[in-house]
2 protein chains.
Amino acid sequence: MKKEVTIYDIAKRLNYSPATISRALSDHPAIRPDTKVIIASMAQEMGYRSNTFASNLRRQRTNTIGVIVPRLNSNFMSSALAGMEKVANETGYNLIISQSLESVTKEKANAKTMYDSRVDGLLVSVAYDTDGIDHFNSFINKGIPLLFFDRVLPHDHCTSIVIDNVKAGYEATAHLIQQGCRRIMHVTGNLKRNVYADRLQGYQQALREQGLPVNDDLILVTDLSQEAGVEAVRQMQRLKTMPNGLFVTNDFCAVTCMSLLKQAGFSIPQDIAVVGFNDDPVSQVVTPDLTTVHYPGREMGEIAAQSLINHLNGLMDIQSTNTIILRSDLIIRHSSQKLVEP
Amino acid sequence: MKKEVTIYDIAKRLNYSPATISRALSDHPAIRPDTKVIIASMAQEMGYRSNTFASNLRRQRTNTIGVIVPRLNSNFMSSALAGMEKVANETGYNLIISQSLESVTKEKANAKTMYDSRVDGLLVSVAYDTDGIDHFNSFINKGIPLLFFDRVLPHDHCTSIVIDNVKAGYEATAHLIQQGCRRIMHVTGNLKRNVYADRLQGYQQALREQGLPVNDDLILVTDLSQEAGVEAVRQMQRLKTMPNGLFVTNDFCAVTCMSLLKQAGFSIPQDIAVVGFNDDPVSQVVTPDLTTVHYPGREMGEIAAQSLINHLNGLMDIQSTNTIILRSDLIIRHSSQKLVEP
DNA sequence: CTGTTAGCGCTTTCAC
DNA sequence: GTGAAAGCGCTAACAG
């Protein structure tokens with residue numbers, strides 16, 4: 001382990017003071033452009049890399065953003081993270097990512113770790129069973145910006161980034177009604193979470209507008225796992241009248257349902273039409289293709305990171321409670337198209 | 001932003017020297033157990049949190065591990081990361097995760113960022129088109145431990161963690177042969193990558209052992225995307241004789257193939273049997289269920305992180321080139337079982 | 001067992 | 001435009 005080059009080494013070599021080197025390297029206006037060039041190239045030549053810790057220690061900030069998400073294994077989340085990573089890289093921030101695995105307990109632990117790591121800001125999409133924001137209070141009290149995306153928690157001092165889940169739920173349901181469905185089952189997640197509560201609201205609104213009854217027996221709250229899909233189909237078969245439409249707020253679970261329904265002898269969409277949510281690639285590998293709602297993951301990640309960084313740079317008022325709503329659209333694909341490319 | 005409590009504050013309050021506080025807090029053996037307790041509880045009471053930067057600056061290490069992976073959006077990768085996170089948390093390390101998105105260029109940029117962030121060690125699964133390890137030389141030269149997992153690069157100074165891909169490829173193929181398949185198509189990824197090269201070798205070995213011809217027309221190298229699945233099926237239909245077995249080294253792509261084959265009127269597994277790879281949940285949502293090879297993601301993540309940390313703690317020789325091979329098994333599921341639970 | 005002391009490498013007033 | 005100097009908070013010799 002050879003020792004590192006410091007600004008002192010550069011200073012000595014160039015007969016400048018360390019202060020000048022520091023300023024030049026951080027592009028301070030009070031340094032002559034030509035000396036900046038000289039210093040930069042010498043730094044390069046000597047293989048200098050700045051010591052973030054010394055800098056952090058001195059400046060009392062870490063240039064690090066924490067991210068807490070329920071899980072990484074969805075197309076949406078990995079796109080969102082790619083978006084954040086892009087913005088973070090461009091602006092000189094590092095990302096620390098951790099999964100809550102849908103558990104508040106883990107989420108609390110993650111929050112503490114992030115706090116102890118002194119992240120400059122935190123991006124969060126909460127777990128299924130998170131109740132309240134007490135575990136984020138340390139951030140709020142210290143004025144560390146906290147921003148929620150996708151699964152958000154309402155709070156006066158935090159920005160939230162979401163899609164219009166009510167509208168999306170409405171459109172998904174309206175699509176099924178348009179296909180002739182009159183009894184539409186809705187399989188969704190924990191209603192504590194805005195995403196599921198809002199979609200349910202959209203579902204109900206669509207039914208009402210068409211004069212269809214809102215039947216609580218047709219609303220099933222689950223964890224949206226594959227097992228939940230199995231359970232959902234079992235429930236459906238237990239009803240006196242089978243539904244002829246199914247709106248599941250997660251593609252993976254929706255696809256599981258489709259598969260089981262087909263096995264049980266129903267044909268899709270004739271006997272029962274299905275709509276999913278998230279535009280996950282899995283929606284395209286089943287027959288027929290699953291109609292789903294597009295989720296702008298990358299965009300959401302970029303905007304979340306950018307907003308947080310704007311906060312950090314004082315370009316945005318931390319106190320302002322604003323909710324940013326991204327556009328998302330219903331996607332209807334037709335399997336038959338798949339093989340018809342040139 | 002209230003000012004932070006430091007060990008000096010605790011020292012003053014308790015009439016100890018800062019050194020004692022520091023030692024007590026890091027559980028130094030030369031401090032009386034009872035004073036440790038006193039100090040710990042006072043630290044707690046005063047809301048002290050240690051300043052990592054000062055500590056890092058002083059100790060010349062970051063307690064941070066970098067992770068570079070191709071993509072996050074697979075069940076395997078998210079499990080592997082959960083495993084790493086667990087080990088890292090338990091041992092007081094932080095994780096910085098970044099995606100190369102299957103591009104060497106991005107991988108290089110990520111490596112540089114990690115280097116500049118002075119990670120103590122690096123865990124890498126390389127991109128599709130990575131060629132050589134030059135972009136990791138800075139790590140090797142500085143003696144920063146570098147460990148590859150899953151998609152590994154052979155190198156004298158690095159440990160690698162893999163499954164026995166040859167064996168897995170062999171078993172997948174043998175299974176198909178046992179089902180009566182004689183013409184088995186193999187759809188795989190870039191053969192630069194050990195995982196694909198090894199599985200191919202297993203495939204060929206199985207064929208040879210059964211006296212079946214190894215036909216290059218039946219081997220298709222792709223990027224294993226869904227489009228690749230479309231292309232693969234097209235290729236198959238172009239052959240004079242349709243294969244009656246298909247071994248795809250990625251569940252998602254395999255499932256796409258199944259779907260298209262069914263659309264084209266083939267029945268599975270009667271006309272053509274399919275085996276995938278990774279044990280991704282997607283293998284269970286199609287009919288019939290896809291036979292696949294289990295991938296011990298979480299385990300691989302834990303072992304990778306643990307080995308790296310052992311290196312860091314000097315418990316393991318950095319120079320020793322060892323390859324750790326994890327067990328993985330062929331998984332055969334039967335859809336019919338799904339609904340037969342109690 | 002505990003205290004003293006000297007930095008780790010950088011930024012930033014305050015001078016000139 | 002550039003320099004001098006004082007720490008940021010912590011750890012690790014070295015003493016005692």
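Might you check whether a residue that is at pLDDT below 90, touching a helix residue (DSSP H, G or I) at 6+ places or on another chain (Cβ under 8 Å) and more than 27 Å from B:GLY314 (Cα to Cα) occurs anywhere in region B:49-62?
Yes, some residue in region B:49-62 is at pLDDT below 90, touching a helix residue (DSSP H, G or I) at 6+ places or on another chain (Cβ under 8 Å) and more than 27 Å from B:GLY314 (Cα to Cα).
With respect to A:VAL166, is the statement that it is crowded, with 16+ Cβ neighbours inside 10 Å and touching an Asp or Glu at 6+ places or on another chain (Cβ under 6 Å) true?
Against the criterion (crowded, with 16+ Cβ neighbours inside 10 Å and touching an Asp or Glu at 6+ places or on another chain (Cβ under 6 Å)), A:VAL166 qualifies.
Pairs please, first residue from region B:221-243 and in a loop (DSSP other than H, G, I, E, B), second anywhere and charged (D, E, K, R) and surrounded by 15 or more Cβ atoms within 10 Å (Cβ to Cβ), Cβ atoms under 6 Å, 6+ apart in sequence or on different chains.
B:PRO243/B:ARG183
A:VAL87 fails exactly one of the following numbered conditions: (1) at the interface with chain B (Cβ under 10 Å from one of its Cβ atoms); (2) of a type in the set (A, V, I, L, M, F, W, C); (3) in a helix (DSSP H, G or I); (4) under 16 Å from the mean Cα position of the chain (by Cα). What is the number of that condition?
If we test A:VAL87 against (1) at the interface with chain B (Cβ under 10 Å from one of its Cβ atoms); (2) of a type in the set (A, V, I, L, M, F, W, C); (3) in a helix (DSSP H, G or I); (4) under 16 Å from the mean Cα position of the chain (by Cα), just (1) comes out false.
Checking B:GLU4 against (1) without any contact (Cβ under 8 Å) to a residue 12 or more places away in the chain; (2) within 14 Å of chain A (Cβ to nearest Cβ); (3) more than 30 Å from B:GLU302 (Cβ to Cβ), which test does it fail?
(1)
Give B:TYR203, B:TYR196 a once-over and let me know the one that is touching a Phe, Trp or Tyr at 6+ places or on another chain (Cβ under 9 Å) and among the hydroxyl-bearing types (Ser, Thr, Tyr).
One residue alone meets the criteria, B:TYR203.
Can you tell me which residues in region A:177-201 are aliphatic (A, V, I, L, M), under 23 Å from the mean Cα position of the chain (by Cα) and assigned to a helix (DSSP H, G or I)?
A:VAL195, A:ALA197, A:LEU200
For A:ASN51, work out the one condition from (1) more than 20 Å from A:ASN94 (Cα to Cα); (2) near DNA strand C (Cβ under 8 Å from one of its atoms); (3) touching a residue at least 12 places away in the same chain (Cβ under 8 Å) it doesn't fulfil.
(1)
Output yes when any residue across region A:114-122 is more than 9 Å from chain B (Cβ to nearest Cβ), surrounded by 24 or more Cβ atoms within 10 Å (Cβ to Cβ) and assigned to a loop (DSSP other than H, G, I, E, B), and no when none is.
There is at least one residue in region A:114-122 that is more than 9 Å from chain B (Cβ to nearest Cβ), surrounded by 24 or more Cβ atoms within 10 Å (Cβ to Cβ) and assigned to a loop (DSSP other than H, G, I, E, B).
Restricting the first residue to region B:252-263 and requiring it to be more than 8 Å from chain A (Cβ to nearest Cβ), which pairs with a second residue that is assigned to a helix (DSSP H, G or I) and of a type outside the set (Val, Ile, Thr) meet a Cβ separation below 7 Å and a spacing of at least six or different chains?
B:CYS253/B:GLN226; B:CYS253/B:ALA228; B:CYS253/B:GLY229; B:CYS257/B:GLY229; B:CYS257/B:ALA232
Given the options A:ALA80, A:ALA109, A:ALA54, A:ALA127, name the one that is among the hydrophobic types (A, V, I, L, M, F, W, C), assigned to a helix (DSSP H, G or I) and more than 9 Å from chain B (Cβ to nearest Cβ).
After ruling out the rest, the residue left standing is A:ALA80.
State yes or no: is A:THR20 within 30 Å of B:ARG298 (Cα to Cα) and of a type in the set (Val, Ile, Thr)? Break it down into steps so the answer makes sense when it comes.
Details: within 30 Å of B:ARG298 (Cα to Cα): no; of a type in the set (Val, Ile, Thr): yes.
Spelling it out, it is not the case that A:THR20 is within 30 Å of B:ARG298 (Cα to Cα) and of a type in the set (Val, Ile, Thr).
For A:ARG61, state whether it is within 16 Å of DNA strand C (Cβ to nearest atom), in a loop (DSSP other than H, G, I, E, B) and charged (D, E, K, R).
The answer is yes for A:ARG61.
Could you tell me whether A:ASN94 is away from DNA strand D (no atom under 16 Å from the Cβ) and touching a strand residue (DSSP E or B) at 6+ places or on another chain (Cβ under 6 Å)?
Numbers: away from DNA strand D (no atom under 16 Å from the Cβ): yes; touching a strand residue (DSSP E or B) at 6+ places or on another chain (Cβ under 6 Å): yes.
Considered against the rule, which asks whether it is away from DNA strand D (no atom under 16 Å from the Cβ) and touching a strand residue (DSSP E or B) at 6+ places or on another chain (Cβ under 6 Å), A:ASN94 comes out as yes.
Mind checking which residues of region A:195-214 are under 26 Å from A:SER125 (Cβ atoms) and either modelled with pLDDT under 95 or of a type in the set (D, E, K, R) (or both)?
A:ASP198, A:ARG199
If you check B:SER98 against the conditions, is it within 13 Å of chain A (Cβ to nearest Cβ) and either under 26 Å from A:ASN141 (Cβ atoms) or within 16 Å of DNA strand C (Cβ to nearest atom) (or both)?
It is false that B:SER98 is within 13 Å of chain A (Cβ to nearest Cβ) and either under 26 Å from A:ASN141 (Cβ atoms) or within 16 Å of DNA strand C (Cβ to nearest atom) (or both).
May I ask you to say which residue of A:ALA88, A:ALA43, A:ALA80 is in contact (Cβ under 8 Å) with a residue 24 or more places away in the chain and surrounded by fewer than 22 Cβ atoms within 10 Å (Cβ to Cβ)?
On inspection, the qualifying residue turns out to be A:ALA43.
Kindly provide the set of residues from region B:1-18 that are within 8 Å of DNA strand C (Cβ to nearest atom) and either touching a Gly at 6+ places or on another chain (Cβ under 6 Å) or in a helix (DSSP H, G or I) (or both), ordered by number.
B:ALA11, B:PRO18
Using the structure shown, decide if B:ASP217 is part of a helix (DSSP H, G or I) and surrounded by fewer than 19 Cβ atoms within 10 Å (Cβ to Cβ).
In short, yes.
Within 9 Å of DNA strand D (Cβ to nearest atom), among the basic types (Lys, Arg) and more than 10 Å from chain B (Cβ to nearest Cβ): which single residue out of A:ARG59, A:ARG23 fits that description?
The conditions single out A:ARG23.
Of the residues B:GLU341, B:GLU302, which is at pLDDT 90 or above and not basic (Lys, Arg)?
B:GLU302
So, in region A:19-33, of the ones that are free of Cβ contacts under 8 Å to residues at least 12 places away in the same chain and in a helix (DSSP H, G or I), which residue ends up surrounded by the fewest Cβ atoms within 10 Å (Cβ to Cβ)?
Checking each candidate, the answer is A:PRO33.
Of all residues in region B:26-51 being within 11 Å of DNA strand D (Cβ to nearest atom) and within 13 Å of chain A (Cβ to nearest Cβ), which is farthest from the chain's Cα centre (by Cα)?
Once the filter is applied, the top-ranked residue is B:ALA43.
Give just the number: which of (1) closer than 24 Å to B:LEU153 by Cβ; (2) touching a helix residue (DSSP H, G or I) at 6+ places or on another chain (Cβ under 6 Å); (3) assigned to a helix (DSSP H, G or I) does B:GLN204 not satisfy?
(2)
The values are calculated or read from the model by the stated rules, or taken from the named source; none is laboratory data. Here the structure is a predicted model, which is why all the values come from computation and not from measurement. Reconstructed Cβ throughout: ideal geometry from the backbone, glycine too, with neighbour counts over all protein chains shown.
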